Structures are given as structure tokens and as C-alpha cells.
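Here is the structure we will look at, set down as C-alpha cells.
The values are calculated or read from the model by the stated rules, or taken from the named source; none is laboratory data. The model shown is predicted, which means the values in this text are computed figures rather than measured ones. Using ideal geometry, Cβ is built from the backbone for each residue, glycine included, and neighbour counts are taken over all protein chains shown. Protein only, heavy atoms only, side chains kept; ligands, DNA and RNA dropped before computing areas. Shrake-Rupley method; radii C 1.70, N 1.55, O 1.52, S 1.80 Å.
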Amino acid sequence: MNDHFLTLQELQKQARLGGGEARIEKQHAKKKLTARERVELLLDPGSFEEIGMFVKHRTKDFGMEDQVFLGDGVVTGYGTVNDRLIYVFAQDFTVFGGSLSETHAEKICKLMDLAMKNGAPVVGLNDSGGARIQEGVRSLGGYADIFYRNTLASGVVPQISAIMGPCAGGAVYSPAITDFTIMVQNTSYMFVTGPNVVKTVTNEEVSAEELGGASTHASKSGVTHFTAANDLDCILQVKRLLSFLPQNCEEKTPGLEYTLGDESRPFLDTIVPTSSTQPYDIKEVIYELSDNDSFYEVHAQYADNIVVGFARLAGKSIGVVANQPMALAGVLDVDSSKKAARFVRFCDCFNIPLLVLVDVPGFLPGTDQEWNGIITNGAKLLFAFSEATVPRISVITRKAYGGAYDVMNSKHIGADLNFAWPTAEIAVMGAKGASEIIFKNEIRSADNPEQKLQEKEAEYADKFANPYRAAARGFVDEVIIPSQTRIKLIKGFSMLQNKVDKIPLKKHSNIPL
Ligand code: HXC
């Protein structure tokens, strides 16, 4: 081998070592994999092609000219996951703590430009001490260059952010703009200002984990969509998530082979309790309706009165939105509306059909909800469904009351097929509340008001707590036996697979943010 080749090999070896053996050991001691190990795990074996391995920073201040690491703290390139192209960047904590310099940012931007032009997802594996302190504003500019591209790429190609270490300050805004965030338990955190600043400004004592760890963001803030037990679990979940997504907004997710068999699901015939106030687990309905073990829940620990996630139906990727009677009786509130709206928007961006399971008693009343903007936030979900042009099918399993009936993918806001189970109750409100209002005088003047209320309640329920009035108007297309739901959905989505629908031409809409 001639000297030129040996030089190249030597440089490649040097680049692959990042910040050196000692720092790699430190990374491992923290139970974290290195950037390169993560990339290897994510991509199909041998598929990684690196871009910018020899990039160096240009800083001369603070003795930086003597501290140069090839690649400058981020490994960037492309490869395949299950034979499909993706672009990936992995921040290398062993090089200046993965901090973002001007050149580090340039590498990420180059990748994102390629992803947008070539129509493939971008996966970011974040592990960084934030802005490269020695660079000042050039680093801040680098961040903004990334945020700008995240925004332009939004809705063009799927963007996934794995948080596998620190992510603080303005750095959090890149993951926040991307479509999905997944955080590793105990080794990652995200916050705008850390515990020390919090202590100084508000006098609150809080640990980094409590302030911005994976559990906090999964359950309290909803900033992260998924959590992972460790680095390996995180990478496996990213791969699972990608399997439900198309490459870009022009494509559909490739389906898996599926041969129709016995699609009846008798368990569903008895799942809705006879008493309309008794809860049942809507996730059991989702499991029954979707292909074996295919349901991948998004935001599992946040706003659990609504369930959202991806599933496969006869091999095809779908998005599921379902009220959960087990939590707050499945009521819509601020958090559940925001959660579901964001999910509906994502599915609509990327041609993923929507299945909506409806069992909703209405919107949650109270000062807390009104003062926190249930009006604006509920409108987000209404808007998101109304604007979605993907195939949309609803199944009303039980309650569809009041404004929530309209919001939950009703026929009136553009759903394509609306099914109801015989247990469906579609009305302005529950029978008791309705009777108390419209028969107030009759009840008050009765010899036995309690008995009268019960009589009127039964009369109202008999008239309205069923799906047939809605079916008579065509607001429900068909009342179906629950065990037949899966085959109805398979046929319905197949019928809708070439749906073309356009919203009026405009610059862009103004969703109530
Ligand atoms: C340059 C950095 C760095 C940074 C860490 N390092 N952060 N170098 N710029 N931002 C270097 C350290 O000097 C050290 O170098 C190596 O990375 C590992 O750091 P340690 O501190 O030894 O690691 P650890 O104890 O694990 O602590 C990690 C850390 C801490 C919590 C991230 O390093 C830290 O607090 N860093 C500063 C974070 C910060 O304030 N960033 C700026 C935020 S403002 P050696 O040579 O010893 O290996 C911001 C604004 C963005 O990001 C705005 C965008 C709009």
C-alpha cells in the first residue's frame, strides 16, 4: 500500500476515535454508547456512508487551534434501515462534550439539505453540552441554521430526535420542531435553563432528572413522545417508529404482505359494559382491531384520556386516535386535545390513514380547563381533523356527546366512513343531564320528582341514546356488529386507498396555536 493510502487510513482511524480512548471509556462508564456505536446499531450492517469525516473547527480563541478532532464532534452520513434510506447525525460527546460549533452545525445542515432534496427521513442522535462555548455567536448562528432547516423540512420528510445525553438551552428547540422525540431514561435530559439557573431565579431546588428527565417529559410536559430504558432500546424504538412512516410527503408507507383470513373478533361483542358509566380499556379494542402486536403507542404516559399511536391493519400503516374511558371517562381536555391534534397533523403530513375510536362524554368542565384555554386547545383538534385529507374512518363504540361528537372525526368535518356499534349513544348530552334541563318543570311539579326524572331519563335515552337517529340522517354510514369491525375497516381503508382530496388553495392555514 502506498504512503497516500496509509495516510488516509491513519486519518480515518484517528477520526473514528473521536475524543480518544479515555473519553470513550468515560462515555461507556455512564452506560452510554458512543456516537459511532449508535449509528452502527441503527443502520443495516455495512450500509453507513459517512460524510464530512475530516471536518475541523476553525476556532483560534482560547487555545482551540491546539485542540482539533477530526469530524468536530458529530458523525454524519446516510445508510439504510430495513433497506430504506435515512440520513443520520450522531453527536459525539467525547469531542468537546458534543458541543455545537459552526462547522458541526454545517455538517448537520448539509445532511438536512440532502434529506429534503432526496426525500428521506432524518434521524438525529443528540448528546451535547450545547453551544460550543469557545465560539460564541457563531455557534448560536449554527443552531439557528439547523432550526430553520428543521422548519423547512417539517412536513417534507419525517424527522426524529433521539435524546441520548444532555440537551439544554436553545438546543432543545431542534428536537421540539421535529416530529418525534425519544428520551433515554436516566442518561438524558432536556431543559431551557438548568437546575442552577432555576435555583437562582425562582429559588426552587430541583434535580436535572426531575426538571427535565425522560419521565418528566413523558408524563408532565409531553415534550417527549417516547422513553427508552437505555441506548439500545432507544435505537430499536427509532427503527420501529420508522417502519410505520413513508420516506417523504409524496409517498405512502410500504405495506407488509397480508392474506385475509378470519378477521372476526368476537371478543369485541362483549367489551362495552351494559352500564354506560362503567369504563373499559379502549387499548383492548385497538389490540383486537390491529394486526398482531403492531400497535405502537405515542405519548403513552401523557394525557391518557386519549390514546394515539401507529398500528398496522392488514399490513398497512395507520394512525389510531381513541378516547380512553379508563381515564377521566375519556373526556376531551386541554392536554388530550393538543396531543391528538399534533398526531393527526403528523399522519396527515405523511399520508397515514386515520382510524378514530369514539367514546367521549364531552369536554371537561371547570375553571382550570377554561382558564388554560380549552377553547383554543380543543379547537386545535377540531381544526386538525377538519384539515386532514388522508382516508379517515370513525367507529363510535359508545358515547359521542355534544361538541366532542363533532370534534372526534365526525362526518360533518370530513370523515370518509363513520361506523357505530349498536351500543353507540349519539346525543347533545347524557340522558340524565338532558332530562333535568328540558323536563325541569314537569319533574319539579311531579308528586314524586325522583321517579319522574327516572321516567324522563329512560324516555330520552330510548329516543337518543342509540345510533339510529344519526344513521337515519346519514351521519353514521352503518351500524355494525363489533366483532365485524376489523373486516369493515380493512375493506373501508382499501376502498379509500386512492382518495384524492384538496383543501382550498392558500398560503397556509392558521391553526389556533
Ligand atoms: C465546549 C464543552 C461544552 C460546551 C462540555 N464541554 N460542554 N466544551 N462547549 N458547551 C466539554 C468539557 O469541557 C469537557 O472537555 C467535555 O466536554 C465533557 O464535559 P464534562 O463537563 O467533563 O462532562 P459532564 O460532567 O458529563 O457534564 C456535561 C455537561 C457539562 C453537563 C454538559 O459539560 C456542562 O454543563 N457543559 C456546559 C453546558 C452549557 O452551559 N452549554 C451552553 C448552553 S447555552 P474535556 O476536554 O474535559 O473532555 C446553549 C445555547 C444554545 O446551548 C442556544 C441555541 C439558540
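Here the Karplus curve 6.51 cos²θ - 1.76 cosθ + 1.60, taken at θ = phi - 60°, turns the phi angles of the range 289-304 into couplings of 7, 8, 4, 2, 6, 8, 6, 10, 6, 9, 6, 4, 9, 10, 6, 6 Hz, with x standing for Gly and Pro. For the pair residue 502 and residue 252, label points projected 7 Å from Cα toward Cβ lie 2.0 nm apart. Ordered from largest to smallest accessible area (heavy atoms of protein chains, 1.4 Å probe), the residues 249, 167 come out as 249, 167.
Per-residue 3J(HN,Hα) values for the range 500-506, derived from phi via the Karplus relation 6.51 cos²θ - 1.76 cosθ + 1.60 with θ = phi - 60°, read 10, 9, 10, 8, x, 4, 7 Hz in sequence order (x marks Gly and Pro). In the complete set of protein chains, residue-level accessible area for residue 152 is approximately 90 Å², probe 1.4 angstrom. Rounded, prolate or oblate: which one fits the range 365-410, using the alpha carbon gyration tensor with axes a ≥ b ≥ c (rounded when a/c is under 1.5, else prolate when a/b beats b/c, else oblate)? Since a/c reaches 1.5 but b/c is at least a/b, the shape of the range 365-410 is classed as oblate. Equivalent-ellipsoid semi-axes for the range 74-121 (Cα gyration tensor, √(5λ), whole Å, largest first): 22, 13, 5. Annotation: amide H-H contacts under 5 Å for residue 395 (H modelled 1.01 Å from N, sequence separation of 5 or more, or interchain): 356, 357, 358, 419. Computed over the range 98-242, the percent of Cα pairs more than 19 Å apart is 52.
Axis angle, to the nearest 10 degrees, between helix 374-387 and the longest C-alpha principal axis of the chain: 80 degrees. Under Stokes-Einstein, with the Kirkwood radius over Cα pairs as Rh, the value for the range 402-465 at 20 °C and 1.002 mPa s is 161 µm²/s.
Computed across the range 212-371, the Kirkwood radius stands at 17.0 Å (inverse of mean 1/r, all Cα pairs).
When the Cα gyration tensor is reduced to axis lengths a ≥ b ≥ c, the ratio a/c is 1.5 or higher for the range 437-477, and with a/b above b/c it is classed as prolate. Taking amide H as placed 1.01 Å from N in the peptide plane, residue 55 has its amide H under 5 Å from the amide H of 71, each at least 5 places away in sequence or on another chain.
Highest-first packing order for the peptide set 191-200, 318-327, 463-472 is 318-327, 463-472, 191-200, based on the mean count of other beta carbon atoms within 10 Å.
What is the range 265-350 by shape, rounded, prolate or oblate, if you read a ≥ b ≥ c off the alpha carbon gyration tensor as root eigenvalues and call it rounded for a/c under 1.5, prolate for a/b larger than b/c, and oblate otherwise? It comes out oblate by the Cα gyration axes. When shorter helices are ignored and each DSSP H run of at least 4 residues is given -39500 (n - 2.57), the per-residue value for the chain at 222 nm works out to -11000 deg cm²/dmol. Distances between placed amide hydrogens fall under 5 Å for residue 263 paired with no residue 5 or more residues away or on another chain. Pairs spanning more than 27 Å between alpha-carbon atoms, out of 117/506; 117/283; 283/380; 60/107; 32/338; 30/239: 117/283; 32/338. Across the protein chains, with a 1.4 Å probe defining accessible surface, the residues 259, 103, 274, 389 rank 274, 259, 389, 103 from largest area downward. Identify, among 295, 248, 20, the residue whose Cα sits farthest towards the positive end of the charge dipole of the chain, taking +1 on the Cβ of Lys and Arg and -1 on the Cβ of Asp and Glu, with the dipole about the Cα centre. Comparing the listed Cα positions along the dipole, 248 ranks first. For the range 318-333, the Karplus equation 6.51 cos²θ - 1.76 cosθ + 1.60, evaluated at θ = phi - 60°, returns couplings of 9, x, 10, 10, 9, 5, 10, x, 6, 10, 6, 6, x, 5, 8, 9 Hz by residue, with Gly and Pro reported as x. Carbon and sulfur: what percent of the range 289-406's accessible surface (1.4 Å probe)? The computed percentage sits at 54.
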